[in-house]
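Written below as structure tokens is the structure these notes are about.
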Amino acid sequence: MLTLAFDTATGVATSALVDDGEVLGERTSRAVTLLEDVDALLRQAGAQTRELEALAVGIGPGSFTGVRIGLSTARGLALGLGVPVAGVSTLAALAAGAPGALPVIDARRREVFVPGQVLAPADLAVEPGRLYVGSGAVRYRDVLEAKGGSVPADGDERHLPRARFHAGLAREFGPAEAVEPLYVRLPDADKTRP
């Protein structure tokens, strides 16, 4: 099955074209160039958009704007191409790229996203010797390492939620409108103000 996978939830957008588990191409860039990346992947593989059979999209958690860009792109492509979509957690994709590591995404506002929660980096229960990956692990390296955690070098690819892992983790394909974002916390606009 020819699958286009992408994630725009973090500061680095990733996209990949995967055919029955074989990665035909993969790119990293920014969310604003996602469609250009998709076009480049298809050209590189010698494929046409009409040959796509499914989409896998990162649903977050991450940047609200980034998550929305990814989901709206997936919905537009799915509608135009008539293909099913599967949503994949950005944290799950990070974990798939670094087996045994805890994925940590920078949530801004001095917080991080980890599986199931958002919290201050100092409140994260760090296991000595365990590997921590992701934008939050890079940003709060000092906190994690001071507690005995291990964080790969900043440029290590394990810090990116690679789209090839989204394709591999995608399971429940269906209508694009059924794919929901994984926000973990309310956006500022939805919070009650005094």
Item checked: Dipole of the chain, positive end: most advanced residue of PRO121, LEU81, THR28 [Cβ charges, Cα centre] -> PRO121
Note to self: What whole-number distance in Å separates the alpha-carbon centres of the range 104-129 and the range 62-98?
What the structure shows: 22 Å
Next item on the list: Let me have the 222 nm mean residue ellipticity of the chain computed from DSSP H runs of 4+ only, each contributing -39500 (n - 2.57), with the sum over all residues rounded to the nearest 500.
Entry: -8000 deg cm²/dmol
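Which percentage, to the nearest 5, of the DSSP beta bridges contained in the chain is antiparallel? Don't jump to the answer; show the numbers that get you there.
Details: 20 of 31 bridges.
Just about 65 percent of them are antiparallel.
Calculate what fraction, in whole %, of the accessible area of the range 45-194 sits on carbon and sulfur atoms when a 1.4 Å probe is rolled over the protein chains. Write down the numbers at each step before the final one.
Numbers: 3850 of 7440 Å².
Answer for the range 45-194: carbon and sulfur cover 52 percent of the accessible area.
Evaluate the range 14-98: find the radius of gyration of its Cα atoms, find its Kirkwood radius, and give the ratio Rg to Rh. Numbers along the way, then the final one.
On the way: Rg = 12.5 Å, Rh = 13.4 Å.
The Rg/Rh ratio comes out at 0.93.
Give me the percent relative contact order of the chain, please, defined on Cα pairs under 8 angstrom at least 6 residues apart. Intermediate values should be presented prior to the final figure.
On the way: 428 pairs, mean separation 47.7, N = 194.
In percent, rounded to a whole number, it is 25.
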Next item on the list: For the range 64-136, give the share of DSSP beta bridges that are antiparallel, in percent and rounded to the nearest 5; count only bridges with both residues there.
Entry: 75 percent
Notebook entry, point to check: Across the Cα atoms of the chain, what radius of gyration and what greatest pairwise Cα-Cα distance (Dmax) are found, in Å?
Noted result: 16.7, 56
Check: Given a 1.4 Å probe and the protein chains all in place, what does the accessible area of THR10 round to, in Å² to the nearest 10?
Finding: 30 Å²
Notebook entry, point to check: In the full protein assembly as shown, how much of ARG68 is accessible to a 1.4 Å probe, in Å² to the nearest 10?
Noted result: 120 Å²
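The values are calculated or read from the model by the stated rules, or taken from the named source; none is laboratory data. Not measured: the values here are computed from a predicted model. Heads up, the Cβs are rebuilt from the backbone with ideal geometry, glycines too, and the neighbour counts pull from every protein chain shown. SASA here: full protein model, heavy atoms, side chains in, ligands and nucleic acids out. Shrake-Rupley method; radii C 1.70, N 1.55, O 1.52, S 1.80 Å.
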